[in-house]
1. Helix 18-29 versus the longest principal axis of the chain: what angle, 0 to 90°, nearest 10, using Cα atoms?
2. Can you classify the range 179-220 as rounded, prolate or oblate using the Cα gyration tensor, where a ≥ b ≥ c are the square roots of its eigenvalues, rounded means a/c under 1.5, and otherwise it's prolate if a/b beats b/c and oblate if not?
3. Would you be so kind as to identify which of L162, I206, T184 lies farthest towards the positive end of the dipole of the range 138-211, taking Lys and Arg as +1 and Asp and Glu as -1 on Cβ and the Cα centre as origin?
4. Compute the whole-percent fraction of alpha carbon pairs in the range 78-220 spaced more than 27 Å apart.
5. Against the longest alpha carbon principal axis of the chain, how many degrees, from 0 to 90 and to the nearest 10, is the axis of helix 170-193 turned?
6. Please list, in order along the range 104-111, the HN-Hα scalar couplings obtained from phi with the Karplus expression 6.51 cos²θ - 1.76 cosθ + 1.60 (θ = phi - 60°), rounded to whole Hz, x for Gly and Pro.
7. Pick from A57, A22, A81: which residue has the top mean-square fluctuation in a GNM of the chain where Cα pairs under 10 Å get a spring?
8. Neighbouring Cβ atoms within 10 Å as the yardstick, rank I206, I200 fewest first.
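Where a number appears in this text, it was derived from the coordinates with a stated rule and is not lab data. Note that the coordinates shown come from a computational prediction; the quantities given were computed from them, not determined experimentally. Here the Cβ is made from the backbone with ideal geometry for all residues, glycine too, and neighbour counts use every protein chain on show.
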Amino acid sequence: MVRLPDNIVFFGPPGVGKGVQASRLSERRGMVHFSMGDALRAEVAEGTELGVLIEEALARGEFASDETVLAVLEKHLDRGAPVTGLILDGFPRTIAQAEKLEQMLTDRGGELSRVLLLDASSDTLVARLTGRLLCAQCGETFHQLFKVPEREGRCDACGSELSRREDDSESVQLERLNTYRYLTEPLAGFYRQRGLLDVIDGSGSIEEVSERIDRSLGGA
Ligand SMILES: [Zn+2]
């Protein structure tokens, strides 16, 4: 029997396909995919106390504070999210969060066994990000290369006209990527020092990237 990794952190720049890969990995190995982005959006949608704090931060053009995102994770753990077989996606983002995560897992008898950094060249990422198409009517998203709508420029779900996302110009995306790399480089260093970090090449097809992840984790 191959022992499954206890808990995995997934991180990577926008456009690298991290969410898709985390969700596929959770299906292949029966792990639980915890997306911090989804969890934060759910708090906002439910109008909880934490949701209000998140909305206020976003309104100021900031990320939710370390304290807030940690409280969101803690809520999930206390509600019975497992402390083994958890895939953390989009969290932690800072060393302070990473240290707290370690402590939260240890307190509950779990541990972090692997950190996967999905990465690709800025050229590849910008090409992916700028091909996104959005249906303003129903919210469905498409992509000029990877999820082509059946009728050009029209939503498969509702038939409305598709538009490019507003922020999809190349220079804006490049700037987002640079900011991301600048902000998360210390986190990569933190996990590299602990011997947990594995950098996965996120270029190529979804299947190719999945295979690389499986090779990195070992086992079936
Ligand atoms: Zn639509």
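1. Long axis of 18-29 versus the principal axis of the chain: about 60 degrees.
2. Here the range 179-220 falls in the oblate category.
3. Final value for the positive-end residue is T184.
4. Cα-Cα pairs of the range 78-220 separated by over 27 Å account for 40 percent.
5. With both axes taken from Cα atoms, the answer is about 10 degrees.
6. 4, 5, 4, 4, 9, x, x, 8
7. Of the options given, A57 has the highest mean-square fluctuation.
8. Taking fewest neighbouring Cβ atoms as first place, the list is I206, I200.
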